[in-house]
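Read the structure below first, then the notes.
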Amino acid sequence: MANVLTFRPEGIYCPAGDFYIDPWRPVDRALITHGHSDHARPGHARYLATHAALPVMQHRLGEITAEGIGFGETRRIGAASVSFHPAGHLPGSAQIRVEVGGEVWVVSGDYKTTPDGLCEPFEPVRCHAFITECTFGLPVFKWRPQNEVAAEVNAWWAANAAAGRVSILGAYALGKAQRLLHMIDADIGPILTHGAVEATNAVLRRQGYPLPDTRHVAPDLNPKDYPGALVIAPPSALGASWARRFGTRSTGFASGWMRLRGVRRRRAADRGFVLSDHADWEGLHQAIRATGAEKIFATHGYTEIFARWLNSAGWDAEVVPTEFGGEEDEVVDSPGEQAPAS
Amino acid sequence: MKDFAALFTAIDQTTRTTAKTKALAGFFAEAEEADKLWTIALFSGRRPKRAVTTTQLREWAAEEAGVPLWLLEESYPIVGDLAETIALLLPPATRHDDAPLSYWINELRSLAALDIETRKARILDAWDRLDETERFLFNKLITGGFRIGVSQKLMTRALAQATGQQEAVLAHKLMGGWDPAETSYHALIEAEDPGADESRPYPFYLAYQLDDPPERLGAPEDWQAEWKWDGIRGQLILRGGSHHLWSRGEELITGRFPELARAVDFLPPGTVLDGEIVTWDGSQPMSFSTLQPRIGRKTVPKKLLKEAPVILLAYDLLEADGADLRDAPLRDRRARLDALLAGLPPDAPLRASPRITFDAWQTLADTRAAARDMRAEGVMLKRLDSPYLSGRKKGDWWKWKLDPLTVDAVMIYAQQGHGRRANLFTDFTFAVWNGNDLVPFTKAYSGLTDAEFTQITSWVRKNTLQRFGPVRQVRPEHVFEIAFEGIHASPRHKSGIALRFPRMSRWRQDKPVQEANTLDHLQQMLATYGT
């Protein structure tokens, strides 16, 4: 099998097209799967991402030299043909397909296989080699249907509202926050947002993604004017003085990690909702099977265990030697970390 | 199990003690007697006899889930709890029923009489009838260690709220060797004087750590000082001609320390002593490392009895002539204790833990500085007019420990934590210099803040040199101050030394790696403080 992609200290590299995919060190040409900071890093000379992903990237990275591409559109870069296909992770997120001399490799980026109603749903892409994330690549990770989790969140919010408590839900500012906004029952009460969440909402609204009305918690906002409100804020704001303005409150946190009781307790939130924008164990298998790939590379997550399992189950799998820091949306989140200014 | 699972969920969904107590009190008010009794039992560290081994449980669960056993084993440390790992792995139940907690406990108890294939069939059947939370609790009943954020103290408080009885009275009723399979809720909780079990201990009174200067405690003459021994806290009960020894963890450890059997020859029945079990060389305690081999053994070989004999250094008298003395002031209890032990021969397995005389706090501070020479960890301060309370209560009893020993060491290996810390690197191996080599000498897991663990986790990911399964060798770049309570020689370790209670006391980001301590330095510490 020809090496369409190789692994360099800068990141995943395509020699035929002389470009990188989601590189972690500054390079000349970067193809970016989505806007989370562990995938879209600053400092590259040229960026290429989907039209749908670009506005958030520009909002987060500032002045960058960037080109957009439509989902499914093929572009020639050197001797390689590349195209972007929905990954279902968050609005605009893509898998990147690279074809060189008839050999096809796909980089999954982050993905989930079940539709959430807001972002472009995951599309399997046939390939010879599939570089897959495996953030939740253990059989203990199984997600329940989104409507069941939505019902749990709604019930928690409604009960808090009835008891005169504000509900504060911790969720990452890009992706999880908007998915929650889209899936909850906005008729229960007013919805307030932390500045970091609201800034992303504004970008996505301009792109036409349907989000319910929200009100930014500006310094002059009086929480008493919004009884029974649901507040959506980055996780780091929950324990910070920022949250104190809401008085009597119940805190919740939505993440795939909430599946584990130990992590749930470390978060010290009142409620943990098991909701992830990554594929669960079954989802990873569905995606891998649908690619028809004979070679699998595991990255981001429980890579060694997942690759060992795939090998034992008949695939040819290995681990991508990656350098990466904390993953923005799922891996490390610190109560000590400062909340972005509201 | 539904009601018990709802109770668990209510407790698990809050971090507030008052909310937990309320949920538990509500359960005690509503549940049937058998469920109440077992709930009390579970939250006071009792559980049904183990019907299947955890090895069998793992094998059956992996088979049911359709994954190889190794994959379950890999998932377990990440989840942090075997009962939970299995509950999360199993396919969804196909049936459901509303049998109460006590039904499932009786089901487990009945397994003991069955052959292994039948046991397996019954466990699989149970898994198929319980939802995820119920399964987790069912598995917990088998694997033991029912720790779900409810202390015995919190449970006792909830029971007090539900029954209107006093917390201290209930705490005493719940002490000792009662077995939920042999008693009833009525006999244990409601009956006037429930059987006056001769082995039943009093709840231990626990001291707080003194962080403020002792001057804040007021006048020295109001206080008693004694050594804080590095042994095992024990309560020795002499009643009706026999003796019982309880550990602080409420474990009956009478058989492990046969030396104390002779206490009945020296002291009258109706005597209860609180003190420290230490190994004794004839004139002073030996190091804790000599006591360690005795803790785990239910029967003690003669050689060990000879090499590491124990005595009880008694510091309180809780019962004399069959009367409960706990409400009397310490000065009276102590006077009676001294009188009781005064005439004992030197080879008796009992001694009064000596009082340290002092007239000024500074004098005591000087004495305390020499605690290591006495094989003590520091001093205890007890208010002379204090009653013997139950549990950890602030104000009357303080432990004033020596500052720990420290060494600056280099982090060389890192491993992810589990449970609460599943996605962080928290388990580290540290080394000191031996010439140009780094020699590993200890592991440490605690002492950093969550923010520091997050920072080091991100660093470990970027600075991994090599992986050995879950262990990552990292660039030797970071120096940590390791604090510990004791040091001793250990041929099992490459460095030749072992530490007691090592933890990270400081991340020395100011210190270059070349300036970490050396093996020579550790060996000097071993010579000075070692045992």
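Of note:
- Scanning segment B:455-500 for residues that are among the small types (Gly, Ala, Ser), more than 12 Å from chain A (Cβ to nearest Cβ) and over 28 Å from the mean Cα position of the chain (by Cα) turns up just one, B:Ser495.
- Taking segment A:279-291 as the range and being within 13 Å of chain B (Cβ to nearest Cβ) and in contact with a helix residue (DSSP H, G or I) (Cβ under 8 Å, 6 or more places away or on another chain) as the test, only A:Asp280 passes.
- Options B:Arg492, B:Arg472: the member that is outside any loop (DSSP other than H, G, I, E, B) and among the basic types (Lys, Arg): B:Arg472
- Of the listed requirements (1) on the phi < 0 side of the Ramachandran plot; (2) assigned to a loop (DSSP other than H, G, I, E, B); (3) surrounded by fewer than 24 Cβ atoms within 10 Å (Cβ to Cβ), A:Gly43 misses just one: (1).
- When B:Tyr388 is tested against (1) more than 29 Å from A:His300 (Cβ to Cβ); (2) within 14 Å of another protein chain (Cβ to nearest Cβ); (3) hydroxyl-bearing (Ser, Thr, Tyr), just one condition goes unmet, and that condition is (2).
- Just one of the listed residues (B:Ile189, B:Ile237) is assigned to a helix (DSSP H, G or I) and over 30 Å from B:Leu364 (Cα atoms), and it is B:Ile189.
- Exactly one residue out of B:Ala87, B:Ala93 is more than 10 Å from chain A (Cβ to nearest Cβ) and closer than 23 Å to B:Ala5 by Cβ: that is B:Ala93.
- Residues that are part of a loop (DSSP other than H, G, I, E, B) and closer than 13 Å to A:Phe71 by Cβ within segment A:91-108 comprise A:Pro91, A:Gly92, A:Ser93, listed in sequence order.
- Against the conditions (1) over 16 Å from B:Arg508 (Cα atoms); (2) facing another protein chain (nearest Cβ under 9 Å); (3) of a type in the set (Asp, Glu), B:Glu452 satisfies every one except (1).
- Selection of first residues in segment A:292-320 that are facing another protein chain (nearest Cβ under 10 Å) and of second residues that are open to solvent by 50 Å² or more (accessible area, probe 1.4 Å) and assigned to a strand (DSSP E or B), restricted to Cβ pairs under 8 Å at least 6 apart or on distinct chains, gives the following pairs, ordered by first then second residue: A:Glu304/B:Arg467.
- In the condition set (1) under 27 Å from B:Glu132 (Cα atoms); (2) in a helix (DSSP H, G or I); (3) within 11 Å of chain B (Cβ to nearest Cβ), A:Thr251 is compliant with all but (2).
- Of the helices (runs of 4 or more DSSP H) that lie entirely inside segment B:12-99, those containing 2 or more residues that are open to solvent by less than 70 Å² (accessible area, probe 1.4 Å), at pLDDT 95 or above and closer than 25 Å to B:Val471 by Cα span B:54-65, B:69-79, B:82-89.
- Checklist (1) over 30 Å from B:Asp327 (Cα atoms); (2) more than 14 Å from every other protein chain (Cβ to nearest Cβ); (3) assigned to a strand (DSSP E or B); (4) open to solvent by 20 Å² or more (accessible area, probe 1.4 Å) applied to B:Ala431, failing item: (4)
- Of residues in segment B:376-395 being at pLDDT below 95 and part of a loop (DSSP other than H, G, I, E, B), the one surrounded by the most Cβ atoms within 10 Å (Cβ to Cβ): B:Ser390
The rows are residues; the columns are (1) open to solvent by less than 60 Å² (accessible area, probe 1.4 Å); (2) more than 18 Å from B:Pro476 (Cα to Cα).
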| residue | (1), (2) |
| --- | --- |
| B:Lys494 | no, yes |
| B:Ala498 | yes, yes |
| B:Phe501 | no, yes |
| B:Met504 | yes, no |
| B:Val513 | yes, no |
| B:Leu519 | yes, no |
| B:Gln524 | no, yes |
| B:Tyr529 | no, yes |
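Matching residues to (1) outside any helix (DSSP H, G or I); (2) open to solvent by less than 30 Å² (accessible area, probe 1.4 Å); (3) without any contact (Cβ under 8 Å) to a residue 40 or more places away in the chain; (4) not acidic (Asp, Glu):
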position	(1), (2), (3), (4)
A:Trp157	no, yes, no, yes
A:Ser167	yes, yes, no, yes
A:Leu174	yes, yes, no, yes
A:Ala177	no, yes, no, yes
A:Ile188	yes, no, no, yes
A:Leu192	yes, yes, no, yes
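- Selection status of A:Val153, touching a residue at least 12 places away in the same chain (Cβ under 8 Å) and farther than 14 Å from A:Phe273 by Cβ: no
- Residue list for segment B:355-375, restricted to those being under 30 Å from B:Leu260 (Cα atoms) and open to solvent by 60 Å² or more (accessible area, probe 1.4 Å): B:Arg355, B:Thr357, B:Arg372, B:Asp373, B:Met374, B:Arg375
The values are calculated or read from the model by the stated rules, or taken from the named source; none is laboratory data. Being a predicted model, the structure only gives us computed values, none of them experimental. Note that we place each Cβ from the backbone using ideal geometry, even for glycine, and neighbour counts take in every protein chain shown. Please note that ligands, DNA and RNA were not included when accessible areas were found on the heavy atoms of the full protein model with its side chains. Shrake-Rupley method; radii C 1.70, N 1.55, O 1.52, S 1.80 Å.
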